Amino acid sequence: MWGGRFAEGPSAIMREINASIPFDKALWRQDIAASKAHVAMLGACGIVSAEDAKTIDAGLDKVAAEYEVDGVPEDWDLEDIHMTTESRLAELIGPVAGRLHTARSRNDQVATDFRLWVRDAMDQADAGLEALQKALVTRAGEHADAIMPGFTHLQTAQPVTLGHHLMAYYEMIRRDRSRFRDARARMNESPLGSAALAGTGFPIDREMTAQALGFDRPTDNSLDAVSDRDFALDYLQAAAQCSVHLSRLAEEFVIWASQPFGFVRMPDTLSTGSSIMPQKKNPDAAELVRGHAGRIVGCATALLVTMKGLPLAYSKDMQDDKPPVFEAANLLSLSIAAMTGMVADATFRTDRMLQAAQLGYATATDLADWLVREANIPFREAHHITGAAVKLAENKGVALEALSLDELQAIDPRVGEGVYKALSVEASVAARASHGGTAPEQVRKRVAAARGELEMD
Ligand code: ARG
């Protein structure tokens, strides 16, 4: 492609370090689409003849048909997907193929292809996350009344409903989706026509190619357009944050599936056994989602660091933008699908959850609140009295409500019969009916609203 200036070809190591075709062949559909849009515009603007434009367009269709059947050939001498396609086009239609690269550079070409690819990845993430939200909402609706211990410091804190707990993840995923959508709206501008870095002297129509490729408008600065990778970073950072949410949910499943907890039976389809211990059923899919989050965060970091020292405009470092994005997209879509399956098919052992909530002194706050409300005791004092009651119950190995009124009154005579109503976990969750609280009626309200958001009814 540039033999005119060179006396010698590249060394073997130059060929190898330079070749991006092993990974950027994933861009072939976008590369063909952008070339077709470009040549149609060149024809419409009279920069190439209508006949040449037609020949080139038909040739590009042929190359695409070959790629579809045989895959993209990997010849390191051709460096990347752009040169691979152009060279095959020349083999098929002859020297007229050379007119395709008029008013274009690989710099705006790759920026365009990659944007198109990332835009699809954002749409895919959004669709996958929508399916996960539907699974969460469905299970939350089934378990709006199921009581489990809520934790802080992974110590039993107050009773919550399982529906409320699952809906917490619905809210996280809702924010993740809005991050992908924001990023998509921001990135949807076409770099094509920025050429190498300065624009082009040919009378091109950038609106036309932008529109053909589904972009809202052309970018406004050619230097920025060929060296901007914010769209990839926005994607990676949204993916990283999303993967952290998925990882936290995965971690809940790992804990809940452990024998001492026993809150959930994992679906067989998303578990593995042990080659030595016959009793084992391991939550490997959840553990891998947790593990993948580390890799996805690493991908986001990798591209940030790649970009940080680059002056305008294009530098070859930017060829390294693709592997982290491709890797993150693959890991994210696997993680979303695995979590969707887990949420949809796990068996929640609500009997065990209820028992754990009852035995964990989860209603101690309710006892203290009762003393404040009914006996007009200052909260700090009520807290102290309740602490003594918990200590006594713990020593006896019983739940709070199993202490007799005599025992409670020995701690503080102001405790009355009515307290027992406040001590049940059912009363505790029902009382927390403030907006966004764990009461079953609140959970049902949020589930109904979420079903509306997802157009599930
Ligand atoms: N394979 C290159 C990349 O992915 C294409 C752009 C090459 N441009 C250049 N001036 N060498 O970044």
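Considering only region 345-352, I want to know if a residue exists there that is within 16 Å of the ligand (Cβ to nearest atom) and charged (D, E, K, R). I'd like the intermediate steps shown before the answer.
Residues of region 345-352 within 16 Å of the ligand (Cβ to nearest atom): none.
There is no residue in region 345-352 that is within 16 Å of the ligand (Cβ to nearest atom) and charged (D, E, K, R).
Of these, Gly273, Gly201, which one is modelled with pLDDT of 95 or more, away from the ligand (no atom under 16 Å from the Cβ), open to solvent by 50 Å² or more (accessible area, probe 1.4 Å) and out of contact with any helix residue (DSSP H, G or I) (no Cβ under 9 Å at 6 or more places or on another chain)?
Gly201
Which count do you get for residues in region 71-102 that are open to solvent by less than 20 Å² (accessible area, probe 1.4 Å) and touching a Pro at 6+ places or on another chain (Cβ under 9 Å)?
Count: 1.
Would you pick out the residues in region 18-39 that are within 30 Å of the chain's Cα centre (by Cα) and not aliphatic (A, V, I, L, M)?
Answer for region 18-39, where residues must be within 30 Å of the chain's Cα centre (by Cα) and not aliphatic (A, V, I, L, M): Ser20, Pro22, Phe23, Asp24, Lys25, Trp28, Arg29, Gln30, Asp31.
Output yes when any residue across region 200-208 is β-branched (Val, Ile, Thr) and either assigned by the TED database to the domain that holds Ala448 or in a loop (DSSP other than H, G, I, E, B) (or both), and no when none is.
Within region 200-208, one or more residues are β-branched (Val, Ile, Thr) and either assigned by the TED database to the domain that holds Ala448 or in a loop (DSSP other than H, G, I, E, B) (or both).
Taking only pairs six or more apart or across chains, which ones have beta-carbon atoms under 7 Å, a first residue in region 1-16 that is of a type in the set (A, V, I, L, M, F, W, C), and a second residue that is open to solvent by less than 70 Å² (accessible area, probe 1.4 Å)?
Met1/Met83
Filtering region 433-457 down to residues that are charged (D, E, K, R), under 18 Å from Ile147 (Cβ atoms) and in contact (Cβ under 8 Å) with a residue 12 or more places away in the chain, which residue is surrounded by the most Cβ atoms within 10 Å (Cβ to Cβ)?
Arg446
From (1) surrounded by fewer than 20 Cβ atoms within 10 Å (Cβ to Cβ); (2) within 16 Å of the ligand (Cβ to nearest atom); (3) hydrophobic (A, V, I, L, M, F, W, C), pick out the condition that doesn't hold for Phe114.
All conditions pass for Phe114, except number (1).
Determine which member of the set Asp52, Asp24 is surrounded by 15 or more Cβ atoms within 10 Å (Cβ to Cβ) and touching a Gly at 6+ places or on another chain (Cβ under 8 Å).
Residue meeting the stated conditions: Asp52.
Could you tell me whether Val325 is away from the ligand (no atom under 16 Å from the Cβ), in contact (Cβ under 8 Å) with a residue 40 or more places away in the chain and crowded, with 16+ Cβ neighbours inside 10 Å?
It is false that Val325 is away from the ligand (no atom under 16 Å from the Cβ), in contact (Cβ under 8 Å) with a residue 40 or more places away in the chain and crowded, with 16+ Cβ neighbours inside 10 Å.
Does Leu129 satisfy the condition of being open to solvent by less than 30 Å² (accessible area, probe 1.4 Å), in contact (Cβ under 8 Å) with a residue 40 or more places away in the chain, touching a Lys or Arg at 6+ places or on another chain (Cβ under 6 Å) and among the aliphatic types (A, V, I, L, M)? Let's see the steps before the verdict.
Working: open to solvent by less than 30 Å² (accessible area, probe 1.4 Å): yes; in contact (Cβ under 8 Å) with a residue 40 or more places away in the chain: yes; touching a Lys or Arg at 6+ places or on another chain (Cβ under 6 Å): yes; among the aliphatic types (A, V, I, L, M): yes.
For Leu129, the condition - open to solvent by less than 30 Å² (accessible area, probe 1.4 Å), in contact (Cβ under 8 Å) with a residue 40 or more places away in the chain, touching a Lys or Arg at 6+ places or on another chain (Cβ under 6 Å) and among the aliphatic types (A, V, I, L, M) - is met.
Is it the case that region 136-156 has a residue that's within 22 Å of Leu192 (Cβ to Cβ) and more than 16 Å from the ligand (Cβ to nearest atom)?
No, because not a single residue in region 136-156 is within 22 Å of Leu192 (Cβ to Cβ) and more than 16 Å from the ligand (Cβ to nearest atom).
Filter region 144-167 down to residues that are crowded, with 21+ Cβ neighbours inside 10 Å and in a loop (DSSP other than H, G, I, E, B), then give me how many there are.
Number satisfying all stated conditions: 2.
Specify which of the listed residues (Ala250, Ala257, Ala285) is touching a strand residue (DSSP E or B) at 6+ places or on another chain (Cβ under 6 Å), closer than 27 Å to Asn330 by Cβ and touching a residue at least 12 places away in the same chain (Cβ under 8 Å).
Criteria check complete, one pass: Ala257.
With Glu207, Glu252, Glu189 as the choices, which residue is under 24 Å from Phe348 (Cβ atoms) and either hydroxyl-bearing (Ser, Thr, Tyr) or open to solvent by 20 Å² or more (accessible area, probe 1.4 Å) (or both)?
Glu252
Out of Leu354, Leu359, Leu334, which single residue is farther than 30 Å from Leu403 by Cα and either among the hydroxyl-bearing types (Ser, Thr, Tyr) or open to solvent by 50 Å² or more (accessible area, probe 1.4 Å) (or both)?
Leu334
When you scan region 15-92 for helices (runs of 4 or more DSSP H) that lie fully inside it, which ones turn up with 2 or more residues that are within 16 Å of the ligand (Cβ to nearest atom) and over 20 Å from Ser190 (Cα atoms)?
It comes to 21-24.
The values are calculated or read from the model by the stated rules, or taken from the named source; none is laboratory data. Every value quoted in this text rests on a predicted model; they were computed, and no experiment measured them. Note: ideal-geometry Cβ built from the backbone for every residue, glycine included; neighbour counts use all protein chains shown. Ligands, DNA and RNA are excluded from the accessible area calculation, which covers all protein heavy atoms including side chains. Shrake-Rupley method; radii C 1.70, N 1.55, O 1.52, S 1.80 Å.
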